[in-house]
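The values are calculated or read from the model by the stated rules, or taken from the named source; none is laboratory data. Keep in mind that this is a model prediction, so the values were computed, not measured. Here the Cβ positions follow ideal geometry from the backbone for every residue, glycine too, while neighbour counts run over all protein chains shown. Just the protein is used for accessible areas: all its heavy atoms, side chains included, with ligands, DNA and RNA removed. Shrake-Rupley method; radii C 1.70, N 1.55, O 1.52, S 1.80 Å.
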Amino acid sequence: MQYDAVLAETIGIRGHGDDEIEAYTARPMDGASRGGMIVIHHMPGYDAATKEITRRFATMGYHAVCPNLYTREAPGADPDDAAATARAQGGVPDERFVGDAAGAARWLRSLPTSNGKVGAIGFCSGGRQAVLTGIAVDVQAAIDCYGAFVVGTPPEGFPLQVQPLADRIGELDAPLLGLFGNEDSYPSPDQVDELEKLLQENGKPYEFHRYDDAGHAFFSVDRPAYRVAAAVDGWERIREFLARHLAG
């Protein structure tokens with residue numbers, strides 16, 4: 001009988017500026033050496049759905065940790081309230097995010113059964129941050145799930161006020177997996193084309209999958225945007241990608 005226990009718990013990790021931030025972790029308990037995953041929550045925040053995704057990575061055989069990027073704005077707050085506070089400030093500053101992501105990678109590598117390899121996955125605003133992680137943090141894989149404004153600038157009044165990463169694609173050190181809906185507006189299919197062209201021009205290893213009849217947030221099982229076919233295929237692509245880059 002295979003031992004498949006998973007430990008899931010809330011912890012504190014050291015992030016940007018050595019601040020202690022809240023994080024949620026899930027880890028297999030069989031004692032085998034394995035890679036780790038940084039799970040970057042979507043703009044709605046560090047919520048139950050994101051914690052479920054974190055646990056899913058543990059059942060797939062990876063150590064996983066999801067830092068609460070809104071810890072400083074609203075410590076201990078309900079995810080909806082914390083997200084509203086962060087949105088009112090235009091989102092999480094890139095410099096601070098990078099410090100928190102680097103702290104998450106450090107924590108994963110500190111685990112006794114870490115094999116030293118770390119990946120990052122993000123959804124929505126977290127998709128852009130996953131690409132930024134691949135640029136600015138030592139990771140071996142990055143997964144962008146419909147990340148807005150990797151290319152392109154947010155329109156006036158949009159709650160997320162960030163700069164595009166187009167001029168930094170040449171700095172991307174991690175292989176990139178991108179999963180996108182063809183009915184999405186941010187990123188639009190044209191923006192995905194633009195990102196793909198930049199990756200090709202810079203000679204970066206990448207793999208993109210695009211889904212018809214899917215828009216933004218098609219992985220979100222608790223939202224009307226959920227699309228079964230796209231999500232099922234997307235998870236299989238994620239599984240295959242991580243097996244290539246985090247194993248060993």
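Brief remarks follow.
- Calculated accessible area for the chain comes out at 43 Å² per residue, all protein chains present (probe 1.4 Å; ligands, DNA, RNA ignored).
- For region 91-214, the residue among V151, Q191, V131 whose Cα projects farthest onto the positive side of the dipole built from Cβ charges is V131.
- Normalised by the number of residues in region 100-223, the mean separation of alpha-carbon contacts (under 8 Å, six or more apart) gives a relative contact order of 22 percent.
- Normalised contact order of region 1-118, rounded percent, pairs of Cα under 8 Å and 6 or more residues apart: 32
- Cβ-Cβ FRET estimate between M29 and T153, R0 fixed at 51 Å, reported to 0.05: 0.70
- Solvent-accessible area, 1.4 Å probe, carbon plus sulfur percent, for the chain: 48
- Taken one residue at a time, the phi angles of region 16-22 give Karplus couplings (6.51, -1.76, 1.60, θ = phi - 60°) of 4, x, 6, 5, 7, 10, 6 Hz. Gly and Pro are set to x.
- Mean residue ellipticity at 222 nm, helices only, the chain: -10500 deg cm²/dmol; runs of at least 4 DSSP H residues each add -39,500 (n - 2.57), and the sum is divided by the number of residues.
- This model, with +1 at the C-beta of Lys and Arg and -1 at the C-beta of Asp and Glu, gives the chain a dipole about its Cα centre of some 760 debye.
- Net charge dipole, region 201-248: roughly 140 debye, given to the nearest 20, about the Cα centre with Cβ charges of +1 for Lys and Arg and -1 for Asp and Glu.
- Under 20 Å of direct C-alpha separation, and excluding same-chain neighbours fewer than eight residues apart, K51 reaches these aspartates and glutamates: D4, E9, E20, E22, E73, D78, D80, D81, D100, D144, D222, E236.
- With the simple model of a label 7 Å out from the Cα in the direction of the Cβ, D80 to V232 spans 3.2 nm.
- Placing unit charges on each Cβ (+1 for Lys and Arg, -1 for Asp and Glu) gives region 19-158 a dipole about its Cα centre, and among T113, T85, G103 the Cα reaching farthest toward its positive end belongs to T113.
- Spin-label pair D213-E9: with each label point 7 Å from Cα along the Cα-Cβ axis, the two points sit 4.4 nm from one another.
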